[in-house]
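Peer 1: Below is a structure I'd like to ask you about.
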């Protein structure tokens, strides 16, 4: 992960911050919004690929720190969850099925876990994440 070209870059941190904000607000972030935040000028397949690569690195880092996949909050227009999210979850050993119902249940559990993880710090102004 540390050797990945996007690890700890400005784009990494911009996306990470937007995903954490979405989690704290119990929201989602659309791919076009992530593209805009990262300074991509248009929505091409290359842009989508680059966003996906950064999301993979973010999720790897989150799982390494025993937190849910923040990429669960990044969706395509109309709320479509990218297939790459499920493929990456399988590679991380978090999802063990390719059944559509189980994939949806996994995504919902990751999304809710993101909300719980990042909202817990709203309850106490003095608490800090323990990572």
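Peer 1: Kindly check whether there is at least one residue in the stretch 40-47 that is under 25 Å from residue 119 (Cβ atoms), touching a helix residue (DSSP H, G or I) at 6+ places or on another chain (Cβ under 9 Å) and surrounded by 15 or more Cβ atoms within 10 Å (Cβ to Cβ). Show your work before the answer.
Peer 2: Start the filter on the stretch 40-47 by keeping residues that are under 25 Å from residue 119 (Cβ atoms), which leaves none.
Checked the stretch 40-47: no residue is under 25 Å from residue 119 (Cβ atoms), touching a helix residue (DSSP H, G or I) at 6+ places or on another chain (Cβ under 9 Å) and surrounded by 15 or more Cβ atoms within 10 Å (Cβ to Cβ).
Peer 1: Specify which of the listed residues (32, 82) is within 22 Å of residue 117 (Cβ to Cβ) and touching a residue at least 24 places away in the same chain (Cβ under 8 Å).
Peer 2: Numbers: 32 fails: within 22 Å of residue 117 (Cβ to Cβ).
82 is the lone residue from the list that is within 22 Å of residue 117 (Cβ to Cβ) and touching a residue at least 24 places away in the same chain (Cβ under 8 Å).
Peer 1: If you don't mind, another one. Give 14, 55 a once-over and let me know the one that is crowded, with 20+ Cβ neighbours inside 10 Å and farther than 21 Å from residue 120 by Cβ.
Peer 2: On the way: 14 fails: crowded, with 20+ Cβ neighbours inside 10 Å.
One residue alone meets the criteria, 55.
Peer 1: Would you say residue 109 is assigned to a loop (DSSP other than H, G, I, E, B) and over 19 Å from residue 34 (Cβ atoms)? I'd like the intermediate steps shown before the answer.
Peer 2: Numbers: assigned to a loop (DSSP other than H, G, I, E, B): no; over 19 Å from residue 34 (Cβ atoms): yes.
It is false that residue 109 is assigned to a loop (DSSP other than H, G, I, E, B) and over 19 Å from residue 34 (Cβ atoms).
Peer 1: Write out, first by first residue and then by second, each pair whose Cβ atoms fall under 6 Å of each other, whose residues are 6+ apart or on separate chains, and whose first residue, in the stretch 56-69, is in contact (Cβ under 8 Å) with a residue 60 or more places away in the chain while the second is part of a loop (DSSP other than H, G, I, E, B).
Peer 2: From residues that are in contact (Cβ under 8 Å) with a residue 60 or more places away in the chain, the pairs are 65/131.
Peer 1: Report yes if residue 90 is surrounded by 12 or more Cβ atoms within 10 Å (Cβ to Cβ) and in contact (Cβ under 8 Å) with a residue 24 or more places away in the chain, otherwise no. Can you show your working first?
Peer 2: On the way: surrounded by 12 or more Cβ atoms within 10 Å (Cβ to Cβ): yes; in contact (Cβ under 8 Å) with a residue 24 or more places away in the chain: no.
No; evaluated as a whole, the condition is false for this residue.
We did not get these values from a lab; they are worked out from the coordinates using the rules stated. In this text the structure is predicted, and so the values were computed from the model without any measurement. In this analysis, Cβ positions are derived from the backbone assuming ideal geometry, glycine residues included, and neighbour counts consider all displayed protein chains.
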